[in-house]
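In what follows, a single structure is set out as structure tokens and then discussed.
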Amino acid sequence: MEPAKRRAVYVVGVGLVKFLKPSASSTHDYPDMAKEAGEAALADAGLTYKDIQQAVVGYVYGDSTCGQRAVYNLGLTGIPIYNVNNNCATGSTALFLAKQLIEGGNCDCALALGFEKMQRGSLVSHFNDRTNPLDKHAEVLSDCYGIQAAPLAPQMFAAAACEHMEKYGTKADVFGKIAEKNHRHSANNPYSQMKTVYSVDEVMKSRMIQFPLTLLQCCPTSDGSAAAILCSEKMVQKYNLQNKAVKIVGMEMRTDFSSTFKEKSCIKMVGYDMTKAAADSVYSATGIKPTDVDVVELHDCFSANELISYEALGLCAEGEGANLVESGNNTYGGKYVINPSGGLISKGHPLGASGLAQCAELCWQLRNMAGKRQVPNAKTALQHNIGLGGAVVVGLYQRGFHESPQLATVATAANSINSETVFERIKENVDKNGPSMVNKVKAVFRFKITDIKSKGTKFWTLNLKDGSGSLTEGQEGKTDCTITMADKDFVQLSTGKLNPQMAFMGGKLKISGNMAVALKLRLVLPQGGPKANL
């Protein structure tokens with residue numbers, strides 16, 4: 001039977017919270033993290049929670065329906081909410097299912113949300129009265145290298161590293177060079193848990209966890225959350241989201257094959273064959289070749305898995321992973337930039353959020369909004385997220401639309417206007433739609449705009465709390481929220497050329513007062529003019 005034609009799916013908004021060491025603090029609970037990531041994704045898209053028609057939520061550690069409890073912090077609209085648990089591939093599984101909902105015609109706008117509130121230390125099983133889902137994987141490890149009284153995951157990936165060393169002559173320091181690269185990349189990521197840059201020597205001399213993997217070659221446990229808003233083409237066009245839309249060109253999911261267990265290979269046991277099958281399938285379906293890829297976010301839970309994944313994803317030939325590392329073709333200036341975010345090793349690994357954090361990074365890269373991490377001229381992005389037990393998702397992304405004439409006009413105008421032009425547009429909108437804006441916003445904003453050239457500062461007060469609303473120059477009266485920015489940055493932000501999250505984390509956007517109120521600023525500018533991303 002011929003499959004139904006699949007609709008195109010676009011990521012139009014992404015959100016992320018800074019990944020942190022696990023904490024017992026109730027002020028950093030999963031509903032709070034999920035709310036922050038979800039609101040950031042909605043603000044990035046310029047949508048409200050009422051636009052979301054279905055939600056898929058991923059987490060590994062937590063009670064049933066934690067997904068609902070997390071999403072309830074965004075709104076209570078009665079939409080279907082699905083909970084997903086696929087080990088370390090949980091976030092990308094939520095993304096994959098949200099994509100299927102849209103491409104199958106079940107909805108036009110879906111939220112994929114992932115979070116994790118973890119315990120410190122290595123992962124352990126919490127259920128000792130039933131079959132462990134990794135028992136078949138452990139049997140392969142036992143038959144090949146034996147099992148020690150230590151955490152299982154590092155033993156499995158260390159065994160895969162040893163097998164690669166024995167089979168292809170790979171040196172232990174190659175794995176250390178991968179970790180050094182990811183820690184170096186992470187220094188430019190404001191969302192990363194770890195920001196320290198280490199030399200290869202420091203990586204290799206850190207505490208041995210399981211030969212050949214040292215501490216700095218292993219990802220930490222983390223608290224964190226990430227979100228993505230997915231839309232159909234119909235929805236993109238309805239809300240004029242073309243300038244933000246990143247198309248999921250192809251995405252495939254696979255689980256283990258018989259070869260995972262029968263061939264007694266630890267490389268296959270940690271997911272080589274299912275990664276290769278998913279990658280081959282997505283390349284075939286899209287016509288995109290591995291050599292077409294510019295930027296990659298792949299699953300580096302341990303440095304060994306990054307190297308093995310190079311080969312499974314077709315970024316190099318089987319057995320040639322070490323050569324890719326030694327040639328520098330896995331970092332800036334080389335053929336690919338792999339894990340510009342710092343990867344799991346340095347950014348952190350909150351299991352339910354990691355796959356969606358990869359999606360966020362790749363969308364920023366394709367939108368040219370990754371700041372100091374930006375890969376020059378990035379046009380095609382590859383995602384790989386794997387979980388033992390097993391599941392893998394491999395996806396390809398590209399910009400969804402060529403710049404439309406309207407967007408090109410706005411972008412060109414952004415180079416010639418200043419903040420006063422933006423405030424003129426705001427005033428026009430208030431004069432025209434003031435009462436309805438007051439009804440929606442109910443807040444007073446103050447803008448502190450500095451001009452670097454003249455070294456002057458101007459204040460504007462936007463009252464959307466009383467009467468029909470007003471915009472005045474000056475700083476009189478009480479305010480709910482103050483926005484401080486340089487003139488040129490404010491113009492870039494208002495015209496969609498500066499990502500609000502990156503601006504905030506990079507210090508270009510300062511907010512004092514009520515953060516929730518600040519998120520309502522996207523309602524201020526009219527459609528068709530410079531678009532407020534605040």
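Just to confirm, what accessible area per residue do you get for the chain at 1.4 Å probe, in whole Å²? Write out the running numbers ahead of the final one.
Values: 21930 Å² over 534 residues.
Per residue, the chain has an accessible area of 41 Å².
If segment 413-523 were replaced by its equivalent ellipsoid, with semi-axes equal to the square roots of 5 times the Cα gyration tensor eigenvalues, what would those be, largest first, whole Å? Show your work: numbers first, answer last.
Details: eigenvalues 92, 47, 39 Å².
For segment 413-523, the semi-axes come out at 21, 15, 14 Å.
Give, in nm to one decimal, the length gained when the segment between L76 and D143 is fully stretched (0.36 nm per residue of separation minus the Cα-Cα distance). The partial results should precede the final answer.
On the way: separation 67, 0.36 × 67 = 24.12 nm, distance 5.14 nm.
Full extension from L76 to D143 adds 19.0 nm.
Gain in length, A187 to N439, computed as 0.36 nm per residue apart minus the alpha-carbon separation, to one decimal in nm?
Values: separation 252, 0.36 × 252 = 90.72 nm, distance 4.30 nm.
Full-extension gain reported as 86.4 nm.
Rolling a 1.4 angstrom probe over the protein chains, ignoring ligands and nucleic acids, what is the accessible area of Y30 in square angstrom, nearest 10?
40
Pull up the cross-link candidates among the aspartates and glutamates for K372, meaning alpha carbon to alpha carbon under 19 Å and not fewer than 8 places away within one chain.
E180, D294, E297, E361, D489
Along Cα→Cβ, 7 Å out, is where each label goes; now give me the distance between the ones at D63 and Q237 in nm to one decimal.
That separation, rounded to one decimal, is 4.6 nm.
Can you flag which of K35/K458; K99/K238; K177/K335 are past 26 Å Cα-Cα?
Working: K35/K458 33 Å; K99/K238 19 Å; K177/K335 17 Å.
K35/K458, as the Cα separations exceed 26 Å there.
May I ask which residue of C218, A304, G271 lies farthest towards the positive end of the charge dipole of segment 187-304, with charges of +1 (Lys, Arg) and -1 (Asp, Glu) on Cβ and the Cα centre as origin?
Highest projection toward the positive end goes to G271.
If the reach is capped at under 13 angstrom between alpha carbons, list the aspartates and glutamates near K247, excluding any in the same chain fewer than eight residues apart.
Counting by Cα, and skipping residues close in sequence, K247 has these aspartates and glutamates nearby: E103, E233.
Only Cα pairs under 8 Å and at least 6 apart count here; give the relative contact order of the chain as a rounded whole percent.
Values: 1206 pairs, mean separation 96.3, N = 534.
Rounded, it is 18 percent for the chain.
State the Cα centre-to-centre distance between segment 157-188 and segment 319-361 in whole Å.
12
Taking H as built 1.01 Å from N, whose amide H comes closer than 5 Å to the amide H of I209, not counting residues under 5 places away?
Result for I209 returns T214, L215.
Only Lys, Arg, Asp and Glu count, each charged at its Cβ (+1, +1, -1, -1), so figure out the dipole size of the chain about its Cα centre, rounded to 20 debye.
Values: 57 positive and 50 negative charges, 310 e Å.
Dipole about the Cα centre, nearest 20: 1480 debye.
Taking a cut-off of 13 Å between Cα atoms, list the aspartates and glutamates near K167, but don't count ones fewer than 8 places away on the same chain.
Within the straight-line cut-off, K167 pairs with E318, E320.
What share of the DSSP beta bridges in the chain is antiparallel, in percent to the nearest 5? Provide the component values of the computation, followed by the final result.
Numbers: 54 of 76 bridges.
Around 70 percent of the beta bridges assigned by DSSP in the chain are antiparallel ones.
For an R0 of 41 angstrom, estimate the FRET efficiency from the Cβ-Cβ distance between K5 and D135 and round to the nearest 0.05. Don't skip to the answer; put the middle values down first.
Details: r = 41 Å, r/R0 = 1.01.
That gives a FRET efficiency of 0.50.
Among L97, W364, H183, pick out the residue whose Cα is farthest towards the positive end of the charge dipole of the chain, where Lys and Arg carry +1 and Asp and Glu carry -1 on C-beta, about the Cα centre.
W364
Starting from the 7 Å offset along Cα-to-Cβ, what nm value, one decimal, do you get for the label separation of K167 and T291?
2.5
Test of understanding: express the Cα radius of gyration of segment 290-355 as a ratio to 2.2 N^0.38 Å, with N the residue count.
Numbers: Rg = 11.5 Å, N = 66, 2.2 N^0.38 = 10.8 Å.
Compactness ratio reported: 1.06.
Hey, could you pull the Cα Rg and Dmax for the chain, both in Å?
My reading of the Cα-based Rg and Dmax gives 23.7, 76 Å.
Quote the relative contact order of segment 167-269 in percent (integer), defining contacts as alpha-carbon pairs under 8 Å separated by 6+ residues. Before the final figure, lay out each step's value.
Values: 61 pairs, mean separation 15.7, N = 103.
Dividing the mean separation by the residue count of segment 167-269 yields 15 percent.
Strictly over 25 Å apart at the Cα level, which of K244/K510; K21/K244; K171/K264; K427/K488; K234/K379 would you flag in this model?
Working: K244/K510 23 Å; K21/K244 32 Å; K171/K264 22 Å; K427/K488 19 Å; K234/K379 23 Å.
Going by Cα-Cα distance, K21/K244 fall outside the 25 Å limit.
What is the set of long-range amide H partners of V9 at a cut-off below 5 Å, with H atoms built 1.01 Å from backbone N?
Correct list: I248.
Does a label point 7 Å from the Cα of L215, set along Cα-to-beta-carbon, have any residues of segment 294-321 with amide nitrogen under 18 Å, and which are they?
Output list for this probe position: 302-303.
Please go through segment 456-491 and write out the trypsin sites (Lys or Arg not before Pro) that DSSP classes as loop and that have at most 14 other C-beta atoms within 10 Å.
Answer by residue number: K478.
Quick one: 3J(HN,Hα) in Hz for segment 162-170, Karplus 6.51/-1.76/1.60 with θ = phi - 60°, rounded, Gly and Pro as x.
Coupling constants for segment 162-170: 4, 5, 5, 5, 5, 7, 10, x, 5 Hz.
Add -39500 (n - 2.57) for each DSSP H run of 4 or more in the chain, then divide by its residues: what number comes out at 222 nm, to the nearest 500 deg cm²/dmol? Write out the running numbers ahead of the final one.
On the way: 20 runs with 202 residues, N = 534.
About -11000 deg cm²/dmol.
Under 8 Å for C-alpha pairs, at least 6 residues apart: give me the relative contact order for segment 413-523, rounded to a whole percent.
Working: 175 pairs, mean separation 29.7, N = 111.
Answer for segment 413-523 is 27 percent.
When only DSSP loop residues count, what trypsin sites (Lys or Arg not before Pro) in segment 161-206 have their Cβ near at most 13 other Cβ atoms within 10 Å? Write out the running numbers ahead of the final one.
Details: sites: K167, K171, K177, K181, R184, K195, K205; in loops: K171, K195.
Passing sites in segment 161-206 are K171.
Would you mind computing, in nm to one decimal, how far apart the modelled labels at N514 and A486 are, each placed 7 Å from Cα along Cα→Cβ?
Taking the two extended label points, one gets 3.1 nm.
The values are calculated or read from the model by the stated rules, or taken from the named source; none is laboratory data. Just so you know, these numbers come straight off a predicted model, no measurement behind them. Methodologically, a virtual Cβ is constructed for each residue, glycine included, from the backbone with ideal geometry; neighbour enumeration extends over all protein chains shown. With ligands, DNA and RNA removed, areas are computed over all heavy atoms of the protein, side chains included. Shrake-Rupley method; radii C 1.70, N 1.55, O 1.52, S 1.80 Å.
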